[in-house]
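S.K.: Sharing a structure below in structure tokens format, with a few things to ask.
The values are calculated or read from the model by the stated rules, or taken from the named source; none is laboratory data. All values reported here derive from a predicted model rather than from experimental measurement. When we count neighbours, we look across all protein chains shown, and the Cβ atoms used for this are built from the backbone with ideal geometry, even at glycine.
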Amino acid sequence: MGGDVNSKNWDSMANLSPDGKTLIFVGYKDRKTSEEADYKTDIFITHLENGRWTTPKPISSVINTPESEVWPYLTSDGRTLYFSTNGLPGLGGYDLFVTRRIGDGWDNWTTPVNLGKSINTVLDDRDLTVPASGTVAYFNRETTGEGDGFGGQDIFRMILPPEMRPDPVVTIYGNITNQDDSLIAATLFWSDFDTGEQLGYSTSNAQTGDYLITLPFGRRYLITANQRGYLFQSEMLDLKTIVEDSTAFSEKLGSELFRMKNALARIQDSKDEYDILLASGSSDLENQFDELSDLNKQMSKAQADLNDAVRRARISWLEDNSGYQEVRKDISLTEANEGARIVLENIYFDTGSANLTDESQQELDRLYDIMSKSTLVIEIGGYTDNVGSDESNMELSQARAESVVNYVVEKGIAGNRISAQGYGENDPRATNETAEGRQENRRVEVKVLSSGNQEGTGGLLAEQAQEEATSENLYELYRQAALAGGIPKGAVCYETANNNIITTAVSRDDNRRERRNIVTSSSSSSAADNAFTGSSIGFITHSGKGAHGYPEVSGAGVAFFNGDENGERNFWGYFLGGAIGGGIEWNKYKDLSELTSLPLSFDYGLSAYLVFNKEENTIDTGGGNTATQTIYRSGIGVPLMARVRYNLVVSDIKISPYASYNYNLFSLLDIEPNTETDGNGNITTGMAEAQNWLELGARARFKFITGGLSLQNSDAGTGIMLRAGLAF
């Protein structure tokens, strides 16, 4: 999870929210060492925002105590949290508790409630897990082995009391295909149908087209499937009310009916044999008693089977009597090619009017979103049923189509890209003989007149654009967040993508179009994903004077770079031209993206340079005579460096323009031999201070190739530095 979440101390027992954007975990109090925290733990929470995890904080003073809290588990409703603690009143050891989120935030929680003596014991009860149905729980309990289990840590299963259960949820699943029934990957968004609040998003599997999302009851949802190059598809799902299944128990009882019938038949057979035996009047009492004993055993066994069947049916009903449902919804997307048509499913008008209702806004905003990210030219078609005259139906359908067009144009789409056409009761989709058929015929359609440049069609919402490159799988999203926070260079996911996930490819006929990479300026401009990081060896050339603040260091050289998650450590050396030398540079890295909302970073550190330079000067020795003197200069500098860079990714090329300033804390230019003759024949001692310098440039990295260009300026002169090499 990276350095934003993990500390150098113990962090464990992580649990992810259903939308994948909130992480709850356990760490020592105040993120201290075990000894400093007296081995006591708290529950912490962090959120994934703008591609990075926020600084973890204690989840709530209502939940955390002066003692220890462990094993948090957030259920599928995203609101109910189970955990264990020895810091709240209980039966002994660690007890299991439940608390619920108050409101839509994560700061307020209800007072934790002990799950009770039917679940908790005087020993440790921990690590509770609840499946989506919300009725059954699995947990770990410490046992003595004396009638309470096998000893040590045992796994138990129980039916949760109704008051201890999470809110009921519905699991929506299915697959996503195109108009040719080819499986594709797409992004699904779900929002509150009534308020428009965006609640989450997920992606279907790129190989199978399958998707699965879990939604709590209590809202009406708008579920929208989106993919680049396709027209979106949306559907409203009403989960505001829980439908009680009054026949649930009888259905569960029916599943055991066969066992019950057999048991009852055996009881009746035994009773008949018993009556026959009593009426026989046999004098063989010994045999009669033996037969009666056998019959009693048969009846007892049959009665036990009957009771067991009823008990099993009751338990099965209790487990499932939660309102939990699974609903299959297969989705078909239509490519945004000329002639393509889709129905805007969630457009509503006042009865007999062209006035759009507020419930239509989300669907219309999604249409605007597609239009703003493409160059599509479309027609909005209005249709009615056959109730009323042909003329009135044609007028109403035209007016409703124009209402949709006006909404989109008012939001900023050019009027020449969208037109309205009323079709009245023509082209019905279903029979007009039924109410259901007439409802289906009353519709608004989108027809593509010109597909144009589809780049961006059906793309993600603007606020999620920065995640587009990784939206096919959460693994990559988490990997980038971990890199942004800083992870050890040897970690498995440092430079390893998830090979089990295939990048989305849209197929039509037998042709495949790979999703294009776009220019991104991700706010997660970490040291791990820019042009400065990694190790490399390269060629450097200086032209002009003033490089590194020295007057005579023009030439060429070789450079060795070694970067890590903290920034950059470099070693380099010149070996050609006017100077020979080397140096070492030590930098620290600070991410500024959260502060500035731009992909900026800041480097600072120290350098040490040692330069040897040979010069031959012609001097006047007097009397009209001159002489050639060889001068050896040696310079040493320890400058303080500050560099601001802007980190970009263009396709697969990482580019970092930067500006840096180097201030010499300690530097001198020493001339050897110690004396030289000036123009009047006087002997002077030569010593001069090297200059500070400003550097403007850019670095780039593409796979194993790295390079850079910069301009260095100081009082000693101006020089250009060019570098190129191999990265590894």
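S.K.: Suppose the filter is at pLDDT below 85, surrounded by fewer than 18 Cβ atoms within 10 Å (Cβ to Cβ) and not in a loop (DSSP other than H, G, I, E, B); does residue 38 pass it?
M.R.: No; evaluated as a whole, the condition is false for this residue.
S.K.: Of these, 424, 382, 388, which one is without any contact (Cβ under 8 Å) to a residue 24 or more places away in the chain and either closer than 15 Å to residue 442 by Cα or assigned to a strand (DSSP E or B) (or both)?
M.R.: Within the list 424, 382, 388, the selection yields 388.
S.K.: Has segment 142-152 got any residue that is surrounded by 14 or more Cβ atoms within 10 Å (Cβ to Cβ), outside any loop (DSSP other than H, G, I, E, B) and within 32 Å of the chain's Cα centre (by Cα)?
M.R.: No, segment 142-152 contains no residue that is surrounded by 14 or more Cβ atoms within 10 Å (Cβ to Cβ), outside any loop (DSSP other than H, G, I, E, B) and within 32 Å of the chain's Cα centre (by Cα).
S.K.: Would you point out which residue out of 295, 278, 318 is farther than 30 Å from residue 412 by Cβ, modelled with pLDDT under 65 and in contact with a strand residue (DSSP E or B) (Cβ under 6 Å, 6 or more places away or on another chain)?
M.R.: 318
S.K.: Only one of (1) at pLDDT 80 or above; (2) aliphatic (A, V, I, L, M); (3) farther than 19 Å from residue 648 by Cα is not met by residue 716, so which one is it?
M.R.: The number of the failed condition is (1).
S.K.: Being of a type in the set (Ser, Thr, Tyr), in contact (Cβ under 8 Å) with a residue 40 or more places away in the chain and closer than 23 Å to residue 125 by Cα is the requirement here; does residue 60 meet it?
M.R.: Yes.
S.K.: Please state which of the following conditions residue 407 fails to meet, knowing it meets all the rest: (1) at pLDDT 90 or above; (2) part of a loop (DSSP other than H, G, I, E, B).
M.R.: Only one criterion is unmet by residue 407, namely (2).
S.K.: Still on this model: All but one of (1) in contact with a Leu (Cβ under 6 Å, 6 or more places away or on another chain); (2) aliphatic (A, V, I, L, M); (3) surrounded by fewer than 16 Cβ atoms within 10 Å (Cβ to Cβ) hold for residue 102, so report the exception by its number.
M.R.: (1)
S.K.: Continuing with the same structure: Of all residues in segment 40-58, count the ones that are of a type outside the set (A, V, I, L, M, F, W, C) and over 26 Å from residue 599 (Cβ atoms).
M.R.: Summing the residues that are of a type outside the set (A, V, I, L, M, F, W, C) and over 26 Å from residue 599 (Cβ atoms) in segment 40-58 gives 4.
S.K.: Restricting attention to segment 71-116, report how many residues are without any contact (Cβ under 8 Å) to a residue 12 or more places away in the chain and not hydrophobic (A, V, I, L, M, F, W, C).
M.R.: Residues flagged as without any contact (Cβ under 8 Å) to a residue 12 or more places away in the chain and not hydrophobic (A, V, I, L, M, F, W, C) within segment 71-116 amount to 3.
This table checks each residue for (1) within 25 Å of residue 426 (Cα to Cα); (2) under 38 Å from the mean Cα position of the chain (by Cα).
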residue: 365; (1), (2): no, yes
residue: 370; (1), (2): no, yes
residue: 374; (1), (2): no, yes
residue: 397; (1), (2): yes, no
residue: 407; (1), (2): yes, yes
